[in-house]
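Structure first, then comments.
Only the coordinates and a few stated rules stand behind these numbers; no lab work does. Everything quoted here is computed from the prediction, not taken from an experiment. FYI the Cβ positions are ideal-geometry reconstructions off the backbone, even for glycines, and counts take in every protein chain you see.
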Amino acid sequence: MVKVKVDMNLCEYHGQCVFVAPKEFQFDDNDELVYSEEVPEEARARVEKAAKACPQLAIKVE
Amino acid sequence: MQHTNVKSKCPYSSEAVDDISLLSPAARACPYGAYARIRAEEPIKYLADQDLWIVSKYEDVEYILSNPEKFSSKEALSSGNAYRDFPKALEILKQSRAQPRQRTLILADPPEHGFHRKIVQRALSPAKTLRAFAPTIEARVNGFIDKFIETGRFEVVSQFSIPLPMALVSMIFDVSEEQVYKMKRWSDNFFAALTGHVHEEIVINAAKDTLVFENFVLDRVAQCRKTPSDCFIGRLLQQPEDERPLTDAEIINICSQVLVGGNESTINFISNLVYQIASTIGLEERLREDPARIEDLLEESLRHEPPLQAMYRITRSEMEIGGVRIPKAAKLMLNFGSANRDETFYEDGDEFDLDRDNRETLHMAFGRGIHACAGQTIARREGKIAINVLLSRLRNLRIADDIPPVRNKLFGVRGFQSLHVIFDH
C-alpha cells in the first residue's frame, strides 16, 4: 500500500488533487477535502501526479 | 457520441516560423510554428540579441520550475530590463514612498518567498473568496450579458472578459467599480512595461502609475489600521503574533502582483475560451449535452493556449540542462506555450481536443512547484461560471465575419485585443 498524507495546514482547497485523482481525493457535501490515506500500488502514479499538481505542495506520498 | 477534433485555427505563416526570436508581428500573432521549430532544432536556444535562452521542452521547463534553489525568480516576469534601461522612469520611481522597493512572491526566492506566499495564501484564501463571491459573480455575469443580448452580438474582450475579473478584483480589494477601472489602467501599464521591448513612454507611464498605485495601497493600509477590514489588504495586516508584520513596500509589491495576476491572464483565458467555442464546430453542442465537460474545456484551453506564454528564471551557477552548457546569471525563458505542445508528451499537441486527458500530463499554464499560480482556483472558477452562464443564455456562438479577431500585440499574453462574436438567443 502507498501512504498519502495531506497537510491540512497548507491545503487551500484548490481542488487540483480532486481533478487529477478523483478516486482518491474528493470534496464532501460540506466542501471539506476527504482522501484515502492508503491507496493500492496501482494508484501510486495517480496520487503522485496529484501531489505534483497541488499548488500548495501539501500532499506527501510514501 | 460525436467527436469534435478540430485543428487549431492559427495559421503558421512561414514568416512566423522563420522568426524564432519571437519578435516579429507574425510570430506574435502565432508563435506556435516557431516554438515547434525551436523544439525540433535546438530545444534550448540562445538568442544573442536578447541575451536570452529559450527553454522549449516540457521536461526542461518542469525541471527548472521544480528547482528554485538552482534558478532565481528575481526577474521572473520580464524578458527585457523593465525600468533599468530608462533613466527618466527610474527618476520618477525615486519619489516612491516605499523605499527600498521590495520583491515578493513571483519575484522572490526562498526563504522570503515562502514567508510572503503563506501570508498571501491566507489573505487570498481561494476557498473563502469563492464561497463569499461565487454567487455574486454569477449574477454579475448575467448582468454583462443583459447589456448586449438584444443586439445578437458582442465584443468579447470589453463586454465580457474584462468586466468579470475586474468585478472579482473589486470584491477582493473592496473598491468601487469606478476605482477598479482606474486600477485596470495601472495594471495594463505595469504589465506592458514588464514585458520588455516597449517604448520609453509606456515605461514612464508605468512608473507614474506605480506612484499613484502606492498611494492607493498605503491610504487603504492606513484605513484598515484604523478600522479593521476583511478586504484583502485588511487581511494582509492581520498577522499572527509570532510573525513579523509586512513592511509597506512588501504590501505594495504583493498588491500589485495580485492586481496584475488577478486580471491580465484571466481576461485572456476567458477570451480564449469563448474563441474556442465560437470557432470550433460542434464544441458548443458537446458542452451543452454534458456541462461537466466544461472542466475539460478549461484544461484543454489552458494547455493549448496558455494565457501567460512564458516566465523567466536566472541561473544561479553555471550548469548543464538537456545537454546544453548554460553560464551563471543567464536569463532563461520558460516557454509554457511550447512545453504544452511538446510532442514528447502530447500527441498532435497543436490540436485542440476536448477529449485529451489532461489528467495524464499536467499542463504548465499555471507553472509548477513553489511559484505555481496562487489564483489558479479562482481563475478556473471564473472561467467555469463565465462559460456556464454564457451557454445558458446564448446559442450558436460564432466569430463575426465582418470584424476579424485581433490578437494581443505583446508577446507573453496569448489572447485577444478584440473579438467579435455573434449568437442566437
Expected 222 nm ellipticity per residue - DSSP helices of 4 or more, -39500 (n - 2.57), all of chain B, to 500: -15000 deg cm²/dmol
For B:Lys331, counting only lysines whose alpha-carbon sits under 21 Å away and dropping same-chain residues fewer than eight positions off, the answer is B:Lys45, B:Lys57, B:Lys70, B:Lys74
Principal axis extents for chain B, Cα atoms only, whole Å, descending order, please. 58, 53, 40
Please work out the Cα center distance from segment B:229-255 to segment B:47-109, rounded to the nearest Å. 24
Can you tell me which aspartates and glutamates have their Cα less than 16 Å from the Cα of B:Lys118? Leave out same-chain residues fewer than eight positions away. A:Asp7, A:Glu12, B:Asp109, B:Glu241, B:Asp242, B:Glu243, B:Glu250
In whole Hz and in residue order, list the ³J(HN,Hα) couplings for segment B:91-101 that follow from phi through the Karplus curve 6.51 cos²θ - 1.76 cosθ + 1.60, θ = phi - 60°; x for Gly and Pro. 4, 4, 5, 5, 7, 4, 7, 10, 10, x, 4
Counting other chain Cβ atoms within 10 Å of each Cβ in A:18-31 and taking the mean gives 1
Would you kindly work out the equivalent ellipsoid of segment A:2-61 from its C-alpha gyration tensor and give its semi-axes, the square roots of five times the eigenvalues, largest first in whole Å? 16, 12, 10
Tell me, what HN-Hα J-couplings in whole Hz come from the Karplus equation 6.51 cos²θ - 1.76 cosθ + 1.60 at θ = phi - 60° for each residue of segment B:297-312, using x for Gly and Pro? 4, 4, 5, 5, 5, 4, 5, 6, 9, x, x, 9, 7, 7, 10, 10
Computed over chain A: longest principal axis from alpha-carbon atoms vs helix A:44-53 long axis, angle to nearest 10 degrees, is 30
Would you mind checking the pairs B:Lys184/B:Lys328; B:Lys94/B:Lys184; A:Lys5/B:Lys184; A:Lys23/B:Lys128 and listing those with alpha carbons more than 31 angstrom apart? B:Lys184/B:Lys328; A:Lys5/B:Lys184
Would you mind working out the magnitude of the charge dipole of chain B relative to its Cα centre, with +1 at each Lys and Arg C-beta and -1 at each Asp and Glu C-beta, to the nearest 20 Debye? 1200
Label-reachable residues, segment A:31-61, where backbone N falls under 16 Å from a point 7 Å from A:Met8's Cα toward its Cβ: A:31-38, A:58-60
Using a Förster distance of 30 angstrom, determine the FRET efficiency expected from the C-beta separation of B:Thr247 and B:Gln179, and round it to 0.05. 0.80
What FRET efficiency comes out for B:Glu15 versus B:Ala48 if R0 is 22 angstrom and r is the Cβ-Cβ distance? Round to the nearest 0.05. 0.60
Need the list of aspartates and glutamates near A:Lys3 for cross-linking: C-alpha distance under 12 angstrom, and skip anything on the same chain fewer than eight residues off. A:Glu24, A:Glu37, A:Glu38, A:Glu41, A:Glu48, A:Glu62
Can you pull the Kirkwood radius for the protein assembly as shown, inverse mean 1/r over Cα pairs, to one decimal in Å? 23.3
Under 5 Å from the placed amide H of B:Ala330, counting only residues 5+ away or on other chains, we find B:Thr315
If R0 is 41 Å, what FRET efficiency do you get for A:Asn30 and B:Glu91 from their C-beta distance, rounded to 0.05? 0.15
Fluctuation leader among B:Gly412, B:Gly152, B:Gly262 - chain B, Gaussian network, Cα springs under 10 angstrom: B:Gly152
